[in-house]
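Participant: Have a look at this one.
The values are calculated or read from the model by the stated rules, or taken from the named source; none is laboratory data. Not measured: the values here are computed from a predicted model. All Cβ positions, glycine included, derive from the backbone under ideal geometry; neighbour counts span all protein chains shown.
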Amino acid sequence: MKRDNRFKWILIIVFIVASGYYLYPTFKYYNLSDEVKNDPMNIEMVTDLERKAIKRGLDLQGGVRLLLEIQLPSLVEKLAINRDDMFYEIFNEAVENTGTAENDFLVKFEQAAQSRNVRLERYFDRDRRMDENSDVRPVMDYLRDEASDGVRQSLGILRNRVDQFGVAEPTIQPQGNSRVIVELPGVDDIQRAKELIGKTAQLDFRLLRPDATFTQLIDLLDKTLKGETIDSTTVASDSTQAEKPSPESTEVNISDLFGDSSATGTETATVNQQLFGEKPFTSLLTNIGDNRVRALEKNVAVINAILQRDDVKAALPTDSEFIFDADPVTVGDENYYELLLLNKDAALGGEVVTEAKVRINTGSDPSKAGQPEVLMEMNRQGSSEWSRITGANIGKRIAIVLDDKVMSAPVVNTRIPSGSSVIEGQFTMDDAKDLAIVLRTGSFKADMANIQENTVGPSLGADSIKKGTVSTMIGLICVAVFMVIYYKVSGTIADLALMLNILFVMAILAGFHATLTLPGIAGLILTIGMAVDANVLIFERIREELLTGKTVRAAIDSGYSRAFVTILDANVTTLITSIVLYQYGTGPIKGFALTLSIGILCSMFTAIVFTRALFDFFAGKFKMQSLSI
Amino acid sequence: MELIRRDINFDFLSKRKQAVMLSMVLILAGLISLVIHGGPDLGIEFTGGVLVELHFENAEDIADIRDALSDINLGNSEIKVFGTPNDILITTEQLESIGSQDNSQLSASIIQAFSNRFQGNTVTESRVESIGPKIGEELVGSTVSSIALALVFLMIYISWRFEFKFAIGAVVALMHDVLITVGMFSILGKEITLPIVAALLTIIGYSLNDTIVVSDRIRENLKVLRRENFNDIINRSLNQTLSRTVITSLTTLMVVVILFIWGSEVIKDFSLALIIGVSIGTYSSLFVATPIVVKYHEMQEAKKKLK
C-alpha cells in the first residue's frame, strides 16, 4: 500500500512539474508587454517563446484559411490544341456531368470522348510521341499526370508567394490529390493576401489584330445582336444628360434587351441612343479616335456577358479575342476601360520572364513620372524571341496580358534586344510589389479556385480569447464553490483535482503543439462540468458506504473501487464520440474534440489517482473517524 | 448538504405513460416545425454560400444595409444583428448566377459596396466564411456518416459491457434527445451549423454517459437483489443514482449556461444546443431509456413463458 502511494505521488509531482515546464513559455509570452515584443533586439527570444506557447487557431489569432482546388476543365482546355467544335462538344458534356468525386471531370471527359469514338491524340499530341494505334489511355494518363503536376506546382508557387509576402507561420499543404490548404495566421491585410494567393498570373504577350479586322468584328457583333427582336421603342427615354463623348446617351434595361442581367450585377447600361437601334454593340462603346474604343465602367459587365454568349462566340473567329484594359481612364466623373482586339494565341508566353522588379518611372511623361511600374526581364530564348517580335512590329501595339486583362499595350518604338518590358499602370506601391511577386513566382499551370474560405479578423480573435478566458474563470469558480458547499472538505479536494485537470490539459496542448480554437476553449469549459462527474460518482458511493456503517478507510476503498468501473464505462462513451468528432471535424471542431478528449482522460487521472492519494494521505495521517463529505 | 433525500423512493416506472406522452408532444412539435420549414435550416457550410460578419464603427440601419446589398444584387441576403448593434451578420446562399465555385469575390464586393455607401463610417470584416457548393455537399455526407459511425461504435461498446437490451434503450434515448434538440432548433428558427453538429455529438456522448451510470447500477443490483421484482430493481437503481444524476447535470448545465451568457457570440447557439440536449438527456436517462429496457425485458419474459 505504502509503495503504491509513493509511486502515485511521484507520478503526480512529475506531471505537475512537467506541466509547469511546458506552460511556462505560454505564460511568459502572454505577459510580455507590447514594447518588449516589438523591440528588434528581442526578436529571437519572442519568436522562440511564441513557438513554444500554446498554438492559437485562426479563429483566435485572426487570419485566413483557404481551400483551393485545381480546376480540371480549365487545365484540360489550356493543354489542348486544335480545339474545334467536337472538342467543345466533348468538353461541355464532361463539364455538365462532373460529379463530386475527385478528378471526376477527367473520368467524364474520357467517357464523352469514347462515346463519340474520338481519338483524343489530335487534341493533345503536341510533340509527344504517341502510338498511332493507341486508344484513349495514354492521353488520359498524360492528363492525370498534368493534373497532379499542376497541384504540385501550385504548392511551390504558393509557398514562394507567401514567403515573399511575409507571413509568420503559414501552412500550405496538399489535401487529397486535387486540393491545397493555405493558412495564413495573423495577416493584417486579408484582401491583399487573398488576391496574391488567388491570382493565376497567366502572363503572355500578344499582338493586336489589325484595325480593319477590329472594325469588321464590331460590325459583326452589331449584326449578331440585332438578330434579336430588339424593339427600339422599348428604350426608356430617360433624360440622362449627355456627357461629352456620347451625345444623347440613354439608360436601357439590360434584361429587356440582352437577356438575363443577374450575371452582370447591374440593371442598366448606358448607350448612345442614336446608334442603339442599328448598332446595339457599338452603342455601348465610346470612340476615342485612331480606331480605339472604350466603354463606361458600368457597361463593362454587360459587354463581357455579351461576349460570352453562345451565338456571339460562334460568330466571332477563333483567332481573335476581345479583352479589356485592366486600368480605367477617368474622364470627369466616369471611369472608362479600353476594349482591345487581340490575337488569341500569344506571340510570347510568360514563362520566359525570369525577373520582375518594381521601379519608379523617371521618364519625361508627366502623367507617368513618379508612378511605380514593374520591369520584367526574360531568359535568353525569350529575349531573342522578343527582339524578333518587336523588330517585326515597329509602330504597332503589343499587349501584355495578365489573367485575361490587358496590363499595358504600348506602341513598339524600336526593336528591344535586351528582353526587358515594362508594365505601367495606376499602381500603388503595394499593387506593384504584389504584381512583381506574382510575375516572379510564375503562373499556375491550372486555375486554382477558392472553394472554401474562413477568415477571421484579428480583433474578433482577441475578443474571443478574452470572452473564452472569462467564461472559463467564471465556470471554474461556480463549480468549485458548489463542490465545496455540497461535499465540504472532500469538495475542496475535488476542486484541487479540477485545477490540476486544467493545468494538465493546457500543458498537453502546449507540449504537443496542438492548436487551441474557440470551440476548443468551449471544450475545456465543458470538461470542467463533466470532469466533476467522476468525483461525484466516487463521493456519492463513499457516502453510501459510510451509511452502511463502514469505517472511513473502508468506505473510501470500496467507494473508489466500485465507482471506477462506472467512471470507465461512462467516460469511454464520451471518448468514442469525441474521437469520431475529431476525425470528422475541420479546424475549429477538431480543436473542440481535442480538448474534450484530453480533458476527459486527465479528469480520469485526477479523479482516480490524485484525489485517492490525497484521501489516503489524510486518512492515514489523521486516523479520521468521520469524513467531511 | 444533500439535494436528494437518501431514502428517496420515487416510482419512475409508473410514470412511463406520462413520459411517453411528454416525449411524443415534444418530438411531434419539433417534427411539425421541421415539416413546415422543409427540413432543418442548414448553415452555409452545408448549403454553400457566403457569410460575412462586419463591424461598423457607427451602427447603421438594417434597411440601409439591405439597400447597399441590393446595389450588388444581394438584396435577398439574410441580415442579422450579431451581438451588438455595430456587428452585422450577412448570409447569402449559393447564387446560381455567380456561377463558378469561387465565392471569395462575393465577400470582397460586399465590403466594397459598404465602403462606397457608408462613407466616413469604417467597416471592417470580422469574419468571412465562403463555401462552394461542392464542399457543402461533401460535408453533409461526412456528417451523416460520422453520426452513424458513432452510433455503431457505441452500440457495440454497450452491448459488450451490458446486455443488448441496455444498448437499445440507450440508443433510443439518445436518438430521442437529438431529435428533440433539432426540433427545438427548428421551432426557435435557429440554424444547424457545424458547431451545432458538434454539440449534437457531444449530447450523444453525454446522454450515453448518464444512461450508462444508471445501467451500471441496474446491472449491479440485478446481481445483488436477485429475488426482487425486475421493475422494482429498476426503480431502486434509478433512485440510488438520482443524486449523482442531478448533481452532474447541474454542474454541466452551470458551465454551459455560463458559456451562453459570457461566451462569444459564435458560441451562443452551440451553448443553447447543449443546454437543451443536456436537460433532455437527463430526462431521457430516467424516463425513456429504462422503460424501453423494461419493455424489452417483458417481451423476453413473455417468450420464456411460451417455451
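Participant: Examine the range B:213-230 for a residue that is within 11 Å of chain A (Cβ to nearest Cβ) and closer than 30 Å to A:Gly591 by Cβ, and state whether such a residue exists.
Facilitator: Yes, there is a match, as at least one residue in the range B:213-230 is within 11 Å of chain A (Cβ to nearest Cβ) and closer than 30 Å to A:Gly591 by Cβ.
Participant: Let me ask something else. Anything in the range A:337-351 that is in contact with a Lys or Arg (Cβ under 9 Å, 6 or more places away or on another chain) and outside any strand (DSSP E or B)? List them, or say none.
Facilitator: Listed by number, the residues that qualify are A:Lys344, A:Asp345, A:Ala346, A:Ala347.
Participant: Ok, one more. Any idea which residue in the range A:480-492 is farthest from the other protein chains (Cβ to nearest Cβ), counting only those that are surrounded by fewer than 24 Cβ atoms within 10 Å (Cβ to Cβ) and of a type in the set (A, V, I, L, M, F, W, C)?
Facilitator: A:Val489
Participant: Do we have B:Ser146 as closer than 26 Å to A:Leu58 by Cβ, touching a residue at least 40 places away in the same chain (Cβ under 8 Å), surrounded by 22 or more Cβ atoms within 10 Å (Cβ to Cβ) and at the interface with chain A (Cβ under 8 Å from one of its Cβ atoms) here? Can you show your working first?
Facilitator: Numbers: closer than 26 Å to A:Leu58 by Cβ: yes; touching a residue at least 40 places away in the same chain (Cβ under 8 Å): yes; surrounded by 22 or more Cβ atoms within 10 Å (Cβ to Cβ): no; at the interface with chain A (Cβ under 8 Å from one of its Cβ atoms): yes.
No, not satisfied.
Participant: I'd like to check something: does the range A:203-216 contain any residue that is in contact with a helix residue (DSSP H, G or I) (Cβ under 9 Å, 6 or more places away or on another chain) and of a type in the set (S, T, N, Q)?
Facilitator: Looking through the range A:203-216, none of the residues is in contact with a helix residue (DSSP H, G or I) (Cβ under 9 Å, 6 or more places away or on another chain) and of a type in the set (S, T, N, Q).
Participant: Quick check: is even one residue across the range A:531-554 away from every other protein chain (no Cβ under 13 Å), polar (S, T, N, Q), outside any helix (DSSP H, G or I) and surrounded by fewer than 19 Cβ atoms within 10 Å (Cβ to Cβ)?
Facilitator: For the range A:531-554, residues away from every other protein chain (no Cβ under 13 Å), polar (S, T, N, Q), outside any helix (DSSP H, G or I) and surrounded by fewer than 19 Cβ atoms within 10 Å (Cβ to Cβ): present.
Participant: Looking at B:Ile156, B:Ile196, can you tell me which residue is more than 9 Å from chain A (Cβ to nearest Cβ) and under 13 Å from the mean Cα position of the chain (by Cα)?
Facilitator: From the options B:Ile156, B:Ile196, the qualifying one is B:Ile196.
So that you can scan it fast, the table gives a plain yes or no per residue for (1) in contact (Cβ under 8 Å) with a residue 60 or more places away in the chain; (2) closer than 30 Å to A:Met483 by Cβ; (3) in contact with a strand residue (DSSP E or B) (Cβ under 9 Å, 6 or more places away or on another chain); (4) surrounded by 14 or more Cβ atoms within 10 Å (Cβ to Cβ):
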| site | (1), (2), (3), (4) |
| --- | --- |
| B:Glu2 | yes, yes, no, no |
| B:Arg5 | no, yes, no, no |
| B:Ile27 | yes, no, no, yes |
| B:His37 | yes, no, no, no |
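Participant: If you don't mind, there's one more thing I want to ask. In the range A:49-74, which residues are more than 10 Å from chain B (Cβ to nearest Cβ), under 18 Å from the mean Cα position of the chain (by Cα) and not hydrophobic (A, V, I, L, M, F, W, C)?
Facilitator: A:Gly57, A:Gln61, A:Gly63
Participant: Can you tell me which residue in the range A:15-48 is surrounded by the fewest Cβ atoms within 10 Å (Cβ to Cβ), limited to those that are under 31 Å from the mean Cα position of the chain (by Cα) and of a type in the set (Phe, Trp, Tyr)?
Facilitator: A:Tyr30
To keep it simple, each residue is scored yes or no on (1) farther than 30 Å from A:Ile579 by Cβ; (2) crowded, with 20+ Cβ neighbours inside 10 Å; (3) in contact with a helix residue (DSSP H, G or I) (Cβ under 8 Å, 6 or more places away or on another chain).
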| position | (1), (2), (3) |
| --- | --- |
| B:Asp67 | yes, no, yes |
| B:Asn76 | yes, no, no |
| B:Ile79 | yes, no, yes |
| B:Gly83 | yes, no, yes |
| B:Ile111 | yes, no, yes |
| B:Glu129 | no, yes, yes |
| B:Phe153 | no, no, yes |
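Participant: Kindly state which strands (runs of 3 or more DSSP E) lie completely within the range A:403-476 and contain at least 1 residues that are modelled with pLDDT of 85 or more and within 9 Å of another protein chain (Cβ to nearest Cβ). Reasoning before the result, please.
Facilitator: Working: elements: A:405-408, A:420-424, A:448-456.
Passing ranges, in order: A:448-456.
Participant: If you don't mind, another one. Here are B:Val293, B:Val256: which of them is closer than 24 Å to A:Ser464 by Cβ and buried (at least 23 other Cβ atoms within 10 Å of the Cβ)?
Facilitator: Just a single option satisfies the conditions, and that option is B:Val256.
Participant: Restricting attention to the range A:169-182, which residues are touching a residue at least 40 places away in the same chain (Cβ under 8 Å) and either in contact with a Gly (Cβ under 7 Å, 6 or more places away or on another chain) or not in a strand (DSSP E or B) (or both)?
Facilitator: Answer for the range A:169-182, where residues must be touching a residue at least 40 places away in the same chain (Cβ under 8 Å) and either in contact with a Gly (Cβ under 7 Å, 6 or more places away or on another chain) or not in a strand (DSSP E or B) (or both): A:Gly176, A:Asn177, A:Ser178.
Participant: Follow-up question, since we're still on this one. Got at least one residue in the range A:534-551 being closer than 23 Å to B:Asn239 by Cα, under 43 Å from the mean Cα position of the chain (by Cα) and in contact (Cβ under 8 Å) with a residue 60 or more places away in the chain?
Facilitator: Quick first cut of the range A:534-551, residues closer than 23 Å to B:Asn239 by Cα only: A:534-550.
Within this subset, residues satisfying the condition of being under 43 Å from the mean Cα position of the chain (by Cα) are A:534.
Going one step further and asking which of them are in contact (Cβ under 8 Å) with a residue 60 or more places away in the chain, we end up with A:534.
Yes, the conditions are met somewhere in the range A:534-551.
Participant: A further question follows. Name the single residue that is surrounded by the fewest Cβ atoms within 10 Å (Cβ to Cβ) among those in the range A:423-467 being of a type in the set (D, E, K, R) and closer than 30 Å to A:Pro410 by Cβ.
Facilitator: Checking each candidate, the answer is A:Asp430.
Participant: Name the single residue that is nearest to the chain's Cα centre (by Cα) among those in the range A:561-604 being facing chain B (nearest Cβ under 10 Å), more than 26 Å from B:Asp216 (Cβ to Cβ) and of a type in the set (S, T, N, Q).
Facilitator: A:Thr586
Participant: Follow-up question, since we're still on this one. Looking at the range A:368-419, which of its residues are among the hydroxyl-bearing types (Ser, Thr, Tyr) and over 23 Å from A:Leu339 (Cα atoms)?
Facilitator: A:Ser383, A:Ser384, A:Ser387, A:Thr414, A:Ser418
Participant: Would you say B:Ser249 is free of Cβ contacts under 8 Å to residues at least 40 places away in the same chain and either outside any helix (DSSP H, G or I) or small (Gly, Ala, Ser) (or both)?
Facilitator: Yes, satisfied.
Participant: Same structure, new question: Looking only at residues in the range A:75-102 that are assigned to a loop (DSSP other than H, G, I, E, B) and of a type in the set (Ser, Thr, Tyr), which one is farthest from the other protein chains (Cβ to nearest Cβ)?
Facilitator: Residues of the range A:75-102 assigned to a loop (DSSP other than H, G, I, E, B): A:80-84, A:98-102.
Subset that is of a type in the set (Ser, Thr, Tyr): A:98, A:100.
Details: A:Thr98: 10, A:Thr100: 5 Å.
Looking at residues that are assigned to a loop (DSSP other than H, G, I, E, B) and of a type in the set (Ser, Thr, Tyr), I get A:Thr98.
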